[in-house]
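Any read-out appearing in this document is the output of simple, stated calculations on the displayed coordinates, not a laboratory observation. Bear in mind that the values here come from a model prediction, so they are computed numbers and not experimental data. Cβ coordinates were reconstructed from backbone atoms using ideal geometry, including for glycine residues, and neighbour counts include every protein chain displayed.
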Ligand code: FPP
């Protein structure tokens, strides 16, 4: 397979080794979702404007995308602009839109050559025409790519996503196409904006905040959570490897007992309850 190159630098041997080690030592998350936070504080701590932090954040996006593609992670979802972010000062919102449009223009060919598919979730019809067009063009250009699915959550919120799914289902009930009793987890999942994407295995939040901030509320039900103090512009592949390593050490139980205790403990427990 053609080597991945988004950052225009040759991959160092030490990085290849780190990746090989991660691949060897355990299961990789198939889908990583990231709440990219701390751009403003990163810029402020350097005496700069917040937009300087967002600009530096794009370099992290590139590095993390490249590392995920090299590792063989199938899905990367980035919370790039929340529904609540519209409440920020107009000057910051405009700077973010311009940055998004210019980054997409610069990266489009690069994403395509590296077999990366760009998708979006959220209300992109709220975005300025130029930015929306730029997005749609890159989505169209990359739609057949297979190596990594890069999904940008834009003007997105988890509650909006659930609300829209509920509306669609309510219409179907009203039309008599489904019975309310048919509504189950799978049916809800396939009416969300992420219908064609599996739920995230790992959710990372940078900058030390312990919140989900209205991101993928339904889809994160069983995701492993990793929070780091590192601000997003400093979150590069070494930090990603730490998060993946932490994920690999966990046992995902999905509400069940640990694997080695499942059978014997549950028998014991039933005995205790019934005697
Ligand atoms: C959060 O930091 C970050 C954002 C609201 C925007 C993230 C956008 C980028 C990294 C750049 C564009 C992205 C792409 C995909 C090209 P914050 O401003 O909330 O930081 P703070 O919490 O320190 O104030």
Connecting every pair of Cα atoms under 10 Å apart in the chain and solving the GNM, the largest mean-square fluctuation among 135, 212, 257 falls on 257
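So if R0 is 41 Å, what FRET efficiency would residue 260 and residue 221 give, r being the distance between their Cβ atoms, rounded to the nearest 0.05? Walk me through the numbers on the way to the answer.
Numbers: r = 24 Å, r/R0 = 0.59.
In this case the efficiency is close to 0.95.
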Cα-Cα pairs above 22 Å in the stretch 24-116: how many percent? 37
Cut-off is 10 Å between beta-carbons; in what order do 65, 9, 83 appear when sorted fewest neighbours first? 9, 83, 65
Could you check the simple spin-label distance between residue 10 and residue 175, using points 7 Å along Cα→Cβ, in nm with one decimal? 5.8
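Within 10 Å of each residue's Cβ, count the other Cβ atoms and sort 97, 36 from fewest upward.
Details: 97 18, 36 21.
Result, fewest neighbours first: 97, 36.
For the ranges 37-47, 10-20, what's the packing order if you count other beta-carbon atoms within 10 Å of each residue, average per peptide, and put the highest first? Before the final figure, lay out each step's value.
Details: 37-47: 17.8, 10-20: 12.4.
Those peptides, ordered most packed to least, come out 37-47, 10-20.
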Does the stretch 125-275 classify as rounded, prolate or oblate by the C-alpha gyration tensor (a ≥ b ≥ c root eigenvalues; a/c under 1.5 gives rounded; else a/b over b/c gives prolate, otherwise oblate)? oblate
One-quarter of the Cα convex hull surface for the chain, in nm²? 18.9
Among 215, 81, 127, which one shows the biggest mean-square fluctuation in a GNM of the chain, springs joining Cα atoms closer than 10 Å? 127
With the 8 Å Cα cutoff and a minimum separation of six or more residues, the chain has a relative contact order in percent of 25
Round to a whole angstrom and tell me the spacing of the C-alpha centers of the stretch 1-55 and the stretch 205-259. 15
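Run the helix sum for the chain: -39,500 (n - 2.57) per DSSP H stretch of 4+ residues, divided by residue count, reported at 222 nm to the nearest 500 deg cm²/dmol.
Values: 9 runs with 125 residues, N = 275.
It comes out at -14500 deg cm²/dmol, rounded to the nearest 500.
In the P(r) worked out for the stretch 76-200, what percent of Cα pairs fall beyond 25 Å?
Here the tail beyond 25 Å accounts for 35 percent of pairs.
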Which of 191, 54, 171 moves most in a GNM of the chain, Cα contacts under 10 Å? 171
